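Scroll down for the structure; my scribbles are underneath it.
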Amino acid sequence: MKQGLRVVIEGVVQGVGFRPFVYQLAKKYHVQGNVSNTGEGVVIDIEGSADDLDLFTAELRNNPPSLAKIDRITVHAQERKHFVRFDIIESIHHTKTTSISPDIAVCEACLSEMNDPHDRRYGYYLINCTDCGPRYSILERLPYDRAFTSMKSFKMCSRCQTEYDDPSNRRYHAQPISCHECGPVLCMVDPKLYPIIQGNTVIEQTAQYLKNGAIVAVKGIGGFHLLCDASNEEAVSTLRLRKKRPEKPFAVMFSDRDQLCKYVCVDDQERALLTSKERPIVLVKKSLNTDLASNISPHIDTVGAMLAYAPIHHLLFDLLSFPLVATSANRSDEPIIRNAQELHARLGEIVDAIVDFNRDIVNTADDSIVQIIQNRRITLRLGRGFSPYTVIHTTHTPLKILAVGGQQKNTIALAFGDKMILSPHIGDLHTIEGMEYFERTVDTFKRFYDFSPDVIVYDKHPSYATTQWAKNQGVSVIAVQHHYAHALACMAEFGLEEKVLAFCFDGTGYGDDGTIWGGEIFMADPIHCERIGHIRPFRLLGGEKAIKEPKRVALALLFDIYPLSEIRELELPLLQYFTSDEMTLYHAIWEKGLNSPLCSSIGRVFDAMGSFCDILHENGYEGECGRRLEEFYDPDFGESFVYTIQNGVIDLLPMVREIVRLAHSREYTRIATGFIHTLVTIMEEFTQLYPGLPIVLSGGVFQNKTLLSLCVKRLEAKGCKVYFQEQTPINDGGIALGQLYYGHHHTRRGK
Ligand code: ZN
Ligand code: ZN
Ligand code: FE
């Protein structure tokens, strides 16, 4: 006897070859019915014998298409409709809750066609199929159908159409497919947008430019890159000069694994990430005597590496013998650029030529950045390939919630039903462009999911751009303290609902008492948070300025210990960076607390250590002191410094006294090593005061590989269960997710 079933598959299941897979499966097990894409996901109505249906659903669960990411499969019986065959039917549009597939690197099958002179897509710069290619970046709205992507204006030629219609073809319903005959056209224009050339000769011309040391903007998947020869010191320094980016490391793109291994050292896990279909930037060690230009990542032994992922990258590398600097095309801290007009307007002075094609980037996504620490992945930037990222809850959210994130490394997140969705990296919001990109992303996600928030969650900082924005939306709002949100982000990723001991070591964030926080220890669950420990506050001389100038933080710590006259007698390198008058002035503002807010940030203490070790005194890039301090770390000098803890207040001044002595004799290795060990010893002490709780590590400071590794090792050795974010950003990019988790629990409680 035949039975009828409805199977609903949720997750990333559209644009990944799911329907043809189901079609083949139906043929294999002789079942009838149909499959369609709906706003929820993939829906199958199916009829057959009980045995065949069992086999069908078992294989569906156990062997789905490789790009699919299934969150849930629900199966229930329904009345028979007496189907006579199995069909793939057109998309049905109603509710929109399906997960959107991120963009996927070009697959091997497409690459070999692209390299085959007898294939009709030989040298085709936008080749893709059901297993690869753009998704999120070209999508206007759901469901994922060509008509709702930026390929909608390109009519398929008859040969592409035949492939598209044939369920046995690799390009069956691959929405963005095209070819030389029917697809977008590649062109090269000069920085003023005057056309230079069109078609495949653009690739040769671009290669020639790069060989000559030029800087070329090349359209990729989620935005434009600025490319130049990564082995050419002069080309890299030109790029630095023009981009006004003196030291901050650039990412490097390699043609393939062989080239990669000539320049950097990777272990198995790093290699697996580099070659994954998401193709993120992975922070890896440079080889000794590497031929990479030394100014790519000055003073540090790591570099952000990635492999070519768009077809156009592979075509370029066929003509080049060197790796390429591939940095997001933007002005510092502004969003990544997605069209030639913007490039001309904002970077016209920086680039020598622009390589473009007329398939629009609807949604931008920067390259993702990840790192392997203690055999686990940490995410420094969630972008192309990984985002939008979905976390599935065990419980339903009764309301639609939007979380608007922080001010730097902004992302947004939304919750509806049992889903929490985190957007790609948006970036810093202190520019008009940044705020425009933020609003555009909110609109995009509202459109994708027919979403209109009932509640908006925002950061307590009164002057974050998102704070005012949230309050202006005319819906109810909830504020969450920044560092609590960091802890919550980790809890959200792992679905933790129990009480945890959270160490939130961070840059700066607005604290509940109006001072600036960033070295906080909480006992927290998703509803409540108690601040049980923090770094004894010190003054940020000149407020924001102190964030740019580590020497000011070091000086403020000295003011906390010594009278000004004694400081003048100290023989510390950092003191050369102040004139005598400046010292007098800073001492006065320190004494009166003028424009010198109190702060407990460990990020800032790291900066002070950088200044004590004469690494950097002013104007570095964010996290530079911490990163360069790691270069001094030596496990053979593993003792902690002295500190005290009283009523949860951690006083580091005894440590600073020792450090002053060591800085006097230029013992920087001991300072760097001792400081990192001190932080871990403090954490151990708290775990003993609050035994048995799961440990959560969150905040930007934990991007420091040396610190995070040591922490995990020592805390696990003490029997602690240690959690830190792997799939979502451990820095401010995760704030929105934490806010969302808080909103989720609070609105549930209110019901
Ligand atoms: Zn492919
Ligand atoms: Zn075609
Ligand atoms: Fe933060």
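Given R₀ = 25 Å, what would the calculated FRET efficiency be for A147 paired with S168, taking r from the Cβ atoms and rounding to 0.05? Display every interim value, and only then the final one.
Details: r = 24 Å, r/R0 = 0.94.
E between A147 and S168, to the nearest 0.05, is 0.60.
Classify segment 398-549 as rounded, prolate or oblate from the Cα gyration tensor: take a ≥ b ≥ c as the square roots of its eigenvalues, call it rounded if a/c is under 1.5, otherwise prolate when a/b beats b/c and oblate if not.
Values: a/c = 2.10, a/b = 1.25, b/c = 1.67.
Verdict is oblate for segment 398-549.
Which order do you get for K400, K409 if you rank them by accessible area with a 1.4 Å probe, largest at the top?
Working: K400 70, K409 45 Å².
The residues order as K400, K409, largest area first.
What do you reckon, how do E566, E79, E270 stack up by accessible area (1.4 Å probe), largest on top?
Greatest to least solvent exposure: E79, E566, E270.
Beyond 24 Å between alpha-carbons counts as too far, so tell me which of K551/K592; K499/K705; K409/K718; K286/K718 fall in that bin.
Too far apart for the 24 Å limit: K499/K705; K409/K718; K286/K718.
On the full set of protein chains, 1.4 Å probe, figure out the accessible area of M188 and give it in Å² to the nearest 10.
0
Solvent-accessible area per residue for segment 2-88 at a 1.4 Å probe radius, Å²?
Details: 3770 Å² over 87 residues.
For segment 2-88, the solvent-accessible area averages 43 Å² per residue.
Which semi-axis lengths, in whole Å and largest first, follow from the square roots of five times the eigenvalues of the Cα gyration tensor of segment 397-475? If you can, show how the numbers build up before the last one.
Numbers: eigenvalues 77, 38, 23 Å².
For segment 397-475, the ellipsoid semi-axes come out as 20, 14, 11 Å.
How long is the gain from Y690 to Q576 if the chain were fully straight, where each residue apart is worth 0.36 nm and the alpha carbon distance is subtracted? Please list the in-between numbers first.
Values: separation 114, 0.36 × 114 = 41.04 nm, distance 4.37 nm.
Stretched out fully, the Y690 to Q576 stretch lengthens by 36.7 nm.
Arrange the residues S328, S168 by how much accessible surface each exposes, largest first, with a 1.4 angstrom probe. Can you show the working numbers first?
Working: S328 15, S168 90 Å².
Heavy-atom accessible area, descending, gives S168, S328.
Restricting attention to the alpha-carbon atoms of segment 534-686, what are Rg (one decimal) and Dmax (integer), both in Å?
According to the Cα coordinates of segment 534-686, Rg and Dmax are 14.5, 42 Å.
Under 1.5 on a/c is rounded, so check that first for segment 186-357, then, if it is not, pick prolate when a/b is larger than b/c and oblate when it is not; a ≥ b ≥ c are the square roots of the alpha carbon gyration tensor eigenvalues.
prolate
Can you give me the distance in nm between label points at V8 and R242, each placed 7 Å from the Cα along the Cα-to-Cβ direction?
5.3
What's the Kirkwood radius of segment 127-206 in Å, using all Cα pairs?
Numbers: mean 1/r = 0.0713 Å⁻¹.
In segment 127-206 this quantity evaluates to 14.0 Å.
Mind checking the log10 I(q)/I(0) for segment 2-88 at q = 0.10, 0.16, 0.20 Å⁻¹? Debye, one equal scatterer per Cα, no solvent, two decimals.
Taking Cα atoms of segment 2-88 as identical point scatterers yields -0.20, -0.53, -0.85.
Could you check how many percent of all C-alpha pairs in the chain are farther apart than 38 Å? Spell out each step's value before the answer.
Working: 117675 of 281625 pairs.
Here the long-distance tail beyond 38 Å is 42 percent of all Cα pairs in the chain.
Charges only on Cβ, +1 for Lys and Arg, -1 for Asp and Glu: so what's the dipole of the chain about the Cα centre, in debye to the nearest 20?
On the way: 79 positive and 93 negative charges, 266 e Å.
So the dipole magnitude of the chain works out to roughly 1280 debye.
Quick check: residue separation of L653 and D512 times 0.36 nm, minus the Cα distance between them. What number comes out in nm?
Details: separation 141, 0.36 × 141 = 50.76 nm, distance 2.39 nm.
Taking 0.36 nm per residue and subtracting the Cα distance, the gain is 48.4 nm.
Once you put a point 7 Å from the Cα of L594 and another 7 Å from the Cα of V475, both along the Cβ direction, what distance in nm separates them?
4.6
So what does S231 come to for accessible area, using a 1.4 Å probe and Å² rounded to 10?
Accessible area of S231: about 50 Å².
Roughly speaking, what is the stretch gain from T681 to S463, that is 0.36 nm per residue apart minus the C-alpha to C-alpha distance, in nm to one decimal?
On the way: separation 218, 0.36 × 218 = 78.48 nm, distance 3.50 nm.
Here the segment from T681 to S463 would lengthen by 75.0 nm.
The values are calculated or read from the model by the stated rules, or taken from the named source; none is laboratory data. The structure displayed is predicted, hence computed values, not measured ones. Every residue, glycine among them, receives a Cβ derived from its backbone with ideal geometry; neighbour counts consider all protein chains shown. Note: areas computed on protein heavy atoms with side chains; ligands, DNA, RNA excluded. Shrake-Rupley method; radii C 1.70, N 1.55, O 1.52, S 1.80 Å.
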